[in-house]
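Here's the structure we're looking at; comments come further down.
The values are calculated or read from the model by the stated rules, or taken from the named source; none is laboratory data. Since the model is a prediction, treat every value here as computed from it, not as a measurement. Cβ sites come from the backbone with ideal geometry, for glycine too, and all protein chains shown count toward neighbours. Just so you know, the surface numbers come from the protein's heavy atoms only, side chains and all, with ligands and any DNA or RNA stripped out. Shrake-Rupley method; radii C 1.70, N 1.55, O 1.52, S 1.80 Å.
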2 protein chains.
Amino acid sequence: MPASSIRARVRAEMIDEIKAVARRHLATDGANLSLRAVARDMGMVSSAIYRYVPSRDDLLTALILEAYDGLGDAVEAADASTDPHDLRGRWHAVCRAARDWALAHPAEYALLYGSPVPGYAAPDDTVLPAQRPPLTLVGILRDGLADGRLTVPAEEPPEPVRADLAALADVFFPGMPAALLARGMAGWTQLFGLISFELFGRLNQTISHRDTYFGHQVDLMADLIGLPRPE
Amino acid sequence: MPASSIRARVRAEMIDEIKAVARRHLATDGANLSLRAVARDMGMVSSAIYRYVPSRDDLLTALILEAYDGLGDAVEAADASTDPHDLRGRWHAVCRAARDWALAHPAEYALLYGSPVPGYAAPDDTVLPAQRPPLTLVGILRDGLADGRLTVPAEEPPEPVRADLAALADVFFPGMPAALLARGMAGWTQLFGLISFELFGRLNQTISHRDTYFGHQVDLMADLIGLPRPE
DNA sequence: ATTCGTCAAGAGCAGTGCTCTCTATTTTGA
DNA sequence: TCAAAATAGAGAGCACTGCTCTTGACGAAT
């Protein structure tokens, strides 16, 4: 059906343009995205936009999903393009990639890692893409463990947490010691804490050299995790 | 003027009740607080509420300020009621107090540490109360430095950051080495990263023993900072 | 050529922040 | 004590929001 598909293609293009305009609005007006405003920007009447988008929340969800994917892509690409044996280099690259993406897409970052939207509940298809950054980080630790460049911390986390972490490891990184995974989670927490503080203005009038500050803090965390220093 | 003060007192009570109702709404509906809904809850017509509150944003600001104060009080009280020489104990107590406050006031926490409200710009009178938690944390390090229980990290942060941190230290903690302050900031970042992840659902279906997990992660950070372990 | 699905538009409902005006009450000052 | 002034509340109204329903037009398939 070639005749029908031109219709379908136009429709797909419309949806893409709606998303693009919505992303633009997101950047200026934050999470209170207005479908009417988007429609206006497209020379459409407000009701017409409901032909393409079921609701405001669905549009937001679509944007969130694409944002997760964008961040995940950036993070994984950074990891893949670094010497696999340079653990600390990979860690830095991944953290930098996450920060760069966040700085380039602040509104979308806020959507992902800011306060959850009141009525809005994240649908299940967001949980997997949301896990890509932490998985990438812990993947570095897994590799370091595999080729012996990384030593497992001596002491285990307290029991109930050890079990939680072991269960988590079983799913994604079979055999990874809980103590190491715990350090990976600490790094993950630190990373997004850092980005959030910078993006949400917590560093204003305090730290002016954000770039070096970020690098240094990431380095501190790499020390805690035990990533070998470059010689 | 006793006659005048009864009016003033009623007025103050009204404002307090408005804030209380608003806080309640905040808890259920998040940051999109509706003045009309608050007015309705008080049996008032919507326009009447503007006699007591200049605007929605002003009400939000008032709530934010009180929230900062509540968190600051909790944090400082926890620090004050712990053996001053037990550095790690104080660190834990402060972190726990922050988390406890956040768990008890999730909506207000989101207001403080979530995505910034689009149009809203934090007024200047919020910056001081906002600094109380990090100042409390770094105060522990200052005390540790003073009585020799804490050793200064060997290496300095990279130069531009060292200068930033030195300037910051000059204001609040004269003489504190930049390297130690950097670790304090790392702890501060970690703390609110931890709380945000827990509160914003990042730990769902992963960590079930939140309490022990939190304690363990805080402990990891205390290790990085170099807080002496209890014997 | 006619049916049928799709699209756009308009009106409308319920909600929002906020302003203005009007009235009743309370406080204040002479 | 009594009038003037300040204050509280109510109502209407403006511009905005998400969303629904109906109506009319257009294009594609039978």
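Applying the Karplus relation 6.51 cos²θ - 1.76 cosθ + 1.60 with θ = phi - 60° to the stretch B:63-77 yields 3J(HN,Hα) values of 5, 4, 4, 5, 5, 4, 5, x, 4, x, 4, 4, 5, 5, 5 Hz, where x marks Gly and Pro.
Once both labels are positioned 7 Å from their Cα atoms along Cα-to-Cβ, the gap between B:D170 and A:L65 label points is 5.3 nm. Would you mind working out the magnitude of the charge dipole of the stretch B:144-231 relative to its Cα centre, with +1 at each Lys and Arg C-beta and -1 at each Asp and Glu C-beta, to the nearest 20 Debye? Result for the stretch B:144-231 is approximately 240 debye, rounded to the nearest 20.
For the stretch B:1-54, what relative contact order do you get, as a whole percent, if you take Cα pairs closer than 8 Å and at least 6 residues apart? Relative contact order, the stretch B:1-54: 31 percent. Per atom type, the protein assembly as shown shows carbon and sulfur on 54% of its accessible surface, probed at 1.4 Å.
Pair-distance distribution P(r) for the stretch A:56-225, from all Cα-Cα distances in 10 Å bins starting at 0: 9, 36, 35, 18, 2, 0 percent. Selection among B:L103, B:G175, B:P158 by position relative to the dipole of the stretch B:97-177 gives B:L103 as farthest towards the positive end (Cβ unit charges, Cα centre). The label point for B:M42 and the one for A:S34, both projected 7 Å from the Cα toward the Cβ, are 2.7 nm apart. Couplings 3J(HN,Hα) for the stretch B:19-29, derived from phi with the Karplus relation 6.51 cos²θ - 1.76 cosθ + 1.60 (θ = phi - 60°), are 4, 4, 4, 4, 4, 5, 4, 4, 5, 9, 9 Hz, where x marks Gly and Pro.
Rounded, prolate or oblate for the protein assembly as shown? Axes are the square roots of the Cα gyration tensor eigenvalues, ordered a ≥ b ≥ c, and the cut-off for rounded is a/c under 1.5. Could the numbers behind the result be given before it?
Values: a/c = 1.95, a/b = 1.11, b/c = 1.75.
Oblate, since a/c reaches 1.5 and b/c is not below a/b.
Working note: 222 nm ellipticity from helices only, DSSP H runs with n ≥ 4, each -39,500 (n - 2.57), summed and divided by the residues of chain A, gives -22500 deg cm²/dmol to the nearest 500.
Rounded to the nearest 20 debye, the dipole magnitude of the stretch A:71-179 is 280 debye, with +1 charges on Lys and Arg beta carbons, -1 on Asp and Glu beta carbons, and the Cα centre as origin.
Applied to the stretch B:202-214, the Karplus parametrisation 6.51 cos²θ - 1.76 cosθ + 1.60 on θ = phi - 60° returns per-residue 3J(HN,Hα) values of 6, 9, 4, 6, 10, 10, 9, 9, 4, 4, 5, 4, 4 Hz, with x for Gly and Pro. Heavy-atom accessible area, probed at 1.4 angstrom with all protein chains present, ranks B:F200, B:F172 as B:F172, B:F200, highest first. Each Lys and Arg contributes +1 and each Asp and Glu -1, all at the Cβ; summed about the Cα centre of the protein assembly as shown, the dipole is approximately 1520 debye. For chain A, what relative contact order do you get, as a whole percent, if you take Cα pairs closer than 8 Å and at least 6 residues apart? Answer for chain A is 19 percent. Computed from protein heavy atoms with a 1.4 Å probe, the total accessible area buried between A and B is close to 4100 Å².
Chain B residue nearest the axis that carries B onto A, by Cβ, with distance in whole Å, is B:G193, 1.
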